[in-house]
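In what follows, a single structure is set out as structure tokens and then discussed.
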Amino acid sequence: MLLLLVPVLAVIFVLGGTRAQSVTQLDGQVTVSEEAPVLLKCNYSSSVTVYLFWYVQYPNQGLQLLLKYVSGPTLVKGIKGFEAEIKKSESSFHLRKSSAHVSDAAEYFCAVSDTVPETAGELNTNPLRC
């Protein structure tokens with residue numbers, strides 16, 4: 001069995017006027033068998049155009065950008081076989097992988113912003129861990 005840790009709630013609020021975005025990750029911990037498909041859910045809310053990100057944090061390491069949606073095709077391919085599809089009608093950006101591996105055991109963070117820094121890997125998400 002492979003254990004993927006997903007924070008129960010990751011939230012980013014962008015201060016400035018009345019703009020505020022948030023993301024909610026509904027899964028606390030996800031346990032999957034090796035080579036089984038993985039789905040990590042992320043729902044967002046925003047009143048403005050958003051940019052969405054998935055980060056991963058492996059044990060004893062810092063956050064690493066897994067993938068990002070800025071614009072264009074709704075299906076985003078990331079590193080290590082991960083992908084996410086933005087569904088604006090459902091306000092969702094779920095992360096999935098067709099076959100999990102032991103090396104995927106980590107914490108996964110969904111993030112939202114109304115601006116994109118020049119290098120999104122430097123985005124300061126400050127996720128809340130519950």
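Data for the structure
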{"read-out": "Scope region 45-68; condition open to solvent by 30 Å² or more (accessible area, probe 1.4 Å) and touching a residue at least 60 places away in the same chain (Cβ under 8 Å); matching residues", "value": "Ser46, Val48, Thr49, Tyr51, Leu63"}
{"read-out": "Any hit, region 89-109, residues being free of Cβ contacts under 8 Å to residues at least 24 places away in the same chain, of a type outside the set (Ser, Thr, Tyr) and part of a strand (DSSP E or B)", "value": "no"}
{"read-out": "Odd one out for Leu3, checked against (1) modelled with pLDDT of 85 or more; (2) open to solvent by 40 Å² or more (accessible area, probe 1.4 Å); (3) not in a loop (DSSP other than H, G, I, E, B)", "value": "(1)"}
{"read-out": "All positions within region 36-78 that are assigned to a loop (DSSP other than H, G, I, E, B), closer than 20 Å to Ser22 by Cβ and in contact with a strand residue (DSSP E or B) (Cβ under 6 Å, 6 or more places away or on another chain)", "value": "Lys41, Cys42, Val50, Val70"}
{"read-out": "Residue identified as open to solvent by less than 50 Å² (accessible area, probe 1.4 Å), within 21 Å of Ser46 (Cα to Cα) and modelled with pLDDT of 95 or more among Val76, Val112", "value": "Val76"}
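The values are calculated or read from the model by the stated rules, or taken from the named source; none is laboratory data. Keep in mind that what you see is a predicted model, and the values were worked out from it rather than measured. Glycine gets a Cβ as well: all are built from the backbone with ideal geometry, and neighbour counts include every protein chain shown. We work out accessible area using only protein heavy atoms, side chains counted, and drop any ligands, DNA or RNA first. Shrake-Rupley method; radii C 1.70, N 1.55, O 1.52, S 1.80 Å.
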